[in-house]
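Here the structure is laid out as structure tokens; the discussion comes afterwards.
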Amino acid sequence: MERAQMLTYCLAKPGAWLDRPWEDEEVVKVGSRIFAFLGPGDTGARIGLKCGPDRDLADEWLRRYPEDAGVMPYVGRAGWNTLRLDGAIPADELTEAVDASYATIVGKLPRRERPDVP
């Protein structure tokens with residue numbers, strides 16, 4: 001999957017918006033919280049997503065795709081992984097991972113920040 005396709009997919013989520021909180025690093029947020037890390041705009045073979053409520057569940061990605069999934073620095077202990085976009089992970093599994101990350105983050109938002117979901 002191409003980075004541009006993934007960015008478009010992320011931004012199509014209700015209430016999603018692009019932010020650059022650290023120089024040229026791009027993230028996609030819903031409300032005030034990040035649900036996808038895309039890195040610098042000129043690179044991006046990976047996406048960072050919330051892949052489980054804890055490290056145990058998120059480690060399933062590492063077992064299934066050891067060459068294409070890794071623990072995110074700093075936030076990995078909370079279930080965040082980096083997933084390679086141009087590797088062995090099928091596009092439908094990548095989009096399902098985005099959907100799950102988005103749903104998890106929306107579920108943690110205060111009601112006033114939650115988007116209207118059809």
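The values are calculated or read from the model by the stated rules, or taken from the named source; none is laboratory data. Keep in mind the model is a prediction, meaning the values are calculated, not measured. Cβ coordinates were reconstructed from backbone atoms using ideal geometry, including for glycine residues, and neighbour counts include every protein chain displayed.
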- Residue that is modelled with the lowest pLDDT, among those in region 15-37 that are part of a strand (DSSP E or B) and either of a type in the set (Gly, Ala, Ser) or out of contact with any strand residue (DSSP E or B) (no Cβ under 8 Å at 6 or more places or on another chain) (or both): 22
- Message: Could you tell me how many of the residues in region 38-79 are outside any loop (DSSP other than H, G, I, E, B), of a type in the set (A, V, I, L, M, F, W, C) and without any contact (Cβ under 8 Å) to a residue 40 or more places away in the chain?
- Response: 8
- Members of region 6-30 that are closer than 21 Å to residue 116 by Cα and of a type outside the set (A, V, I, L, M): 8, 9, 10, 13, 14, 15, 17, 19, 29
- Query: Scanning region 88-114 for residues that are surrounded by fewer than 15 Cβ atoms within 10 Å (Cβ to Cβ) and assigned to a loop (DSSP other than H, G, I, E, B), which turns out nearest to the chain's Cα centre (by Cα)?
  - Reply: 90
- Sole exception among (1) surrounded by 14 or more Cβ atoms within 10 Å (Cβ to Cβ); (2) at pLDDT 95 or above for residue 12, by number: (1)
